[in-house]
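> Before I ask anything, let me first share the structure, which is written out below as structure tokens.
The values are calculated or read from the model by the stated rules, or taken from the named source; none is laboratory data. All figures in this text were calculated on a predicted structure; none of them were measured in a lab. Note that each Cβ is placed from the backbone with ideal geometry, even for glycine, and that neighbours are counted across all protein chains shown.
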């Protein structure tokens, strides 16, 4: 979440990215590139999940962050899907608005919330992989 917040506060947006946690305990930031300057986020998310899924035997966990639009409240949000190989998958949403100031802008955050998420990296059929 802090990386997404820094990118949002600096640039006003961010492309999807991931953090992976290796079996060794090492963490890595993971990005996807599909060849264009303004790629569709859905394509980047697909690439991130496929890449992480292909490495699942070397990973303990992963988190995928994206900039999304939500309905309640009607705003933008940082969405982070966190998944662990032993079965836990949650989605965390942090709503935000960008307020223009006399000089610059300010990101104002709402209340964070979480819910169960779909297992994408370790689906039930691959849980023991």
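> Quick one: how many residues across the stretch 55-81 are in contact (Cβ under 8 Å) with a residue 40 or more places away in the chain and either surrounded by fewer than 16 Cβ atoms within 10 Å (Cβ to Cβ) or in a strand (DSSP E or B) (or both)? Steps first, answer last, please.
Here is the first cut: in the stretch 55-81, the residues in contact (Cβ under 8 Å) with a residue 40 or more places away in the chain are 56-57, 59, 61-67, 78, 80.
Next, from what is left, pick out any that are either surrounded by fewer than 16 Cβ atoms within 10 Å (Cβ to Cβ) or in a strand (DSSP E or B) (or both): 57, 59, 61-67, 78, 80.
The number of residues fulfilling the criteria is 11.
> Inside the stretch 82-106, can you point out the residues that are part of a loop (DSSP other than H, G, I, E, B) and within 30 Å of residue 24 (Cα to Cα)?
Matches in the stretch 82-106: 85, 86, 87, 88.
> If residue 88 passes every condition in (1) surrounded by 10 or more Cβ atoms within 10 Å (Cβ to Cβ); (2) without any contact (Cβ under 8 Å) to a residue 60 or more places away in the chain; (3) touching a strand residue (DSSP E or B) at 6+ places or on another chain (Cβ under 7 Å) but one, which one does it miss?
Looking at each condition in turn, residue 88 falls short on (3).
> Taking the condition in a strand (DSSP E or B) and at pLDDT 90 or above, does residue 21 pass?
On the way: in a strand (DSSP E or B): yes; at pLDDT 90 or above: yes.
Yes: the conditions hold for residue 21.
> Would you mind stating whether residue 51 is modelled with pLDDT of 95 or more, outside any loop (DSSP other than H, G, I, E, B) and closer than 14 Å to residue 82 by Cα?
On the way: modelled with pLDDT of 95 or more: yes; outside any loop (DSSP other than H, G, I, E, B): yes; closer than 14 Å to residue 82 by Cα: no.
So residue 51 does not fit the description; no.
> Can you name the residue in the stretch 22-39 that is within 24 Å of residue 68 (Cα to Cα) and more than 14 Å from the chain's Cα centre (by Cα) and, of all such residues, is surrounded by the most Cβ atoms within 10 Å (Cβ to Cβ)?
The initial filter retains those residues of the stretch 22-39 that are within 24 Å of residue 68 (Cα to Cα), namely 28-39.
Adding the requirement that they be more than 14 Å from the chain's Cα centre (by Cα) leaves 33-39.
Details: 33: 9, 34: 10, 35: 6, 36: 8, 37: 4, 38: 6, 39: 15.
Result: 39.
> Now, a different point. Which residue pairs have Cβ atoms closer than 8 Å, lie 6 or more positions apart in sequence or on different chains, and pair a first residue in the stretch 1-29 that is without any contact (Cβ under 8 Å) to a residue 24 or more places away in the chain with a second residue that is assigned to a strand (DSSP E or B) and exposed (fewer than 11 other Cβ atoms within 10 Å of the Cβ)?
Filtered contacts from the stretch 1-29: no entries.
> Any idea which of (1) at pLDDT 95 or above; (2) touching a helix residue (DSSP H, G or I) at 6+ places or on another chain (Cβ under 9 Å) is the one residue 123 doesn't satisfy?
(1)
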